[in-house]
Amino acid sequence: MTSTYDLHMPATAREAIDLLARHGDDAHVMAGGTSLVLMMQQGLIRPAHVVSLHKVSELRGIRSTADGSLEIGALATHREIERSPLVRAHSAMLAEAFARIATVRIREQATLGGNLAHADPAQDPPPALIAVGALVLIQGPGPAREIPLEDLLVDIFTTSLEPGELIVGVRIPPLAAGTRAVYLKFLPRTEDDYATVSVAAAAVVAGDGTVRQLRVALGAVGATPIRARAAEAALLGLKADEKAIKAAAERAAEATDPIADGRGSAGYKRSMARVFTERALRAVLA
Amino acid sequence: MRFEHKSTVNAPRAVVWAFLLDVPRVAHCVPGVETIESIGDDRFRGVLKVAVGPVRLTLTGEVAIASRDEAAGIAVLRATAADKGAGGAVSAEMRMVVTDGMAPDTSELQIVTEAQVMGRIGEFGQPIIKRKADQTMNEFAANLGRAISVP
């Protein structure tokens, strides 16, 4: 039951921002529309104005910048990210994480910016992107800004975007040489389901086995994706043996706050968060 | 979903008991309650607005005092509410137990809430309501303790 709304089709990001600033809370941005249209049909969101980004071609594309960063436009589809040689060269983990989102029909339609603005804690891109240190590029009525992805996602379906602000892309700084990364998700039901828990980890291990860099992020077990900082701290500067990995995974599980649903009880999900964090840590550290 | 809260309230038991049976005052401790009015017979009708990111739900429903036992200090409230647009509904039973506190003129308040999410609310609606219920109950328990406490 979708209510009526005015559809706006701006041609530039600036025009889109002006429309958002003018209509405030009554307006909602539409990129690929895979989540927004469902939520409108379910009556959860009833915008008076929909600002479609369909014609804003400046937000498309994937490129490498002079400093070795990877920049992905907000309107890049999941499928484009999955297939991009630039993404694969920067982080094969990222390409593989995007290749396993939902189904190919959804990946052809859903966009990176839409996914991040949706702020659904059960989505795949946020933990994978947080593990590789992604920064969100934001434009709005004020000056453009760039924030760590974990600072964008503040609560379930809630971002820290100010009124009138638009996600224009994501920048992933160059990864240190020798970075190993993995994205694991637990799918006990079907391959295209939301994960029961997902874990992304990226690490740099020195020649003598010391953990030099480590970022761990979990999805689907809290109101937002969770950066497992206590787990990271438990391993940084140490040689990661099995005992240290188990202890760190315990720290990650403690940081979760899952809700019970058809995919399991809260306690079960917390246990699976520990198990999958252990596996992810072994994959990047052992 | 089950939520449990325990707190020490700076008011004697009789004051807490009177407050708990004053449903409009209790309801106004729930964040998002817009209106609450008596429809007689220990029943009340009200509107609760829930905002989660871009999602706006307006839950309209009823609260009733299901039972009260002043000697034991136990009161039970039952509430049902539904959002017409999203086709989702919530029902909850809240058991409130008040006992004398350790210090004079204080009380111990225990609130146990059992809540269910029902209706055609989909993949997005379920986690929204579950997450929001948790946050709402925490704020409610804190607000209630503050509202009852004698300054």
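Assorted remarks:
- Residues in the stretch A:178-201 that are over 16 Å from residue A:272 (Cα atoms) and modelled with pLDDT of 95 or more: A:178, A:179, A:180, A:181, A:182.
- Tally, over the stretch B:18-61, of residues that are loosely packed, with under 14 Cβ neighbours inside 10 Å and touching a Phe, Trp or Tyr at 6+ places or on another chain (Cβ under 9 Å): 2
Residues are listed down the side, and each one gets a yes or a no for (1) surrounded by 24 or more Cβ atoms within 10 Å (Cβ to Cβ); (2) assigned to a loop (DSSP other than H, G, I, E, B):
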| site | (1), (2) |
| --- | --- |
| A:106 | no, no |
| A:117 | yes, no |
| A:130 | yes, no |
| A:133 | no, yes |
| A:141 | no, yes |
| A:150 | no, no |
| A:164 | no, yes |
| A:174 | no, yes |
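- Test for residue B:68: is it modelled with pLDDT of 90 or more and surrounded by fewer than 16 Cβ atoms within 10 Å (Cβ to Cβ): no
- The stretch A:139-161: number of residues that are of a type in the set (D, E, K, R), without any contact (Cβ under 8 Å) to a residue 24 or more places away in the chain and farther than 23 Å from residue A:222 by Cα: 1
- Screening the candidates B:141, B:115, B:86, B:79 for the property of being in contact (Cβ under 8 Å) with a residue 60 or more places away in the chain, among the small types (Gly, Ala, Ser) and outside any helix (DSSP H, G or I) yields one hit, B:115.
- Listed by position, the strands (runs of 3 or more DSSP E) contained in the stretch A:1-80 that have at least 1 residues being hydroxyl-bearing (Ser, Thr, Tyr) and closer than 19 Å to residue A:118 by Cβ are A:49-52.
- Some residue of the stretch B:90-107 being under 17 Å from the mean Cα position of the chain (by Cα), within 14 Å of another protein chain (Cβ to nearest Cβ) and of a type outside the set (Asp, Glu): no
- Put simply, of A:31, A:27 the only residue that is touching a Gly at 6+ places or on another chain (Cβ under 8 Å) and either charged (D, E, K, R) or crowded, with 21+ Cβ neighbours inside 10 Å (or both) is A:31.
- Single residue of the stretch A:121-146 satisfying the filter (modelled with pLDDT of 95 or more, farther than 19 Å from residue A:202 by Cβ and aliphatic (A, V, I, L, M)) that is nearest to the chain's Cα centre (by Cα): A:137
- Residue in the stretch A:21-41 that is in contact with a Leu (Cβ under 7 Å, 6 or more places away or on another chain), in contact (Cβ under 8 Å) with a residue 60 or more places away in the chain and over 24 Å from residue B:125 (Cα atoms) present: no
So that you can scan it fast, the table gives a plain yes or no per residue for (1) in the same structural domain as residue A:156 (by TED's automatic domain parsing); (2) out of contact with any helix residue (DSSP H, G or I) (no Cβ under 6 Å at 6 or more places or on another chain); (3) of a type in the set (S, T, N, Q); (4) surrounded by 15 or more Cβ atoms within 10 Å (Cβ to Cβ):
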| position | (1), (2), (3), (4) |
| --- | --- |
| A:195 | no, yes, no, yes |
| A:237 | no, yes, no, no |
| A:259 | no, no, no, yes |
| A:265 | no, yes, yes, no |
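- Qualifying residue in the stretch A:77-90 (condition: buried (at least 23 other Cβ atoms within 10 Å of the Cβ), under 19 Å from residue A:150 (Cβ atoms) and not assigned by TED's automatic domain parsing to the domain that holds residue A:34): no
The values are calculated or read from the model by the stated rules, or taken from the named source; none is laboratory data. Because the structure is predicted, anything quoted here is derived from the model rather than measured. Here Cβ is always computed from backbone atoms with ideal geometry, including for glycine, and neighbour counts include all displayed protein chains.
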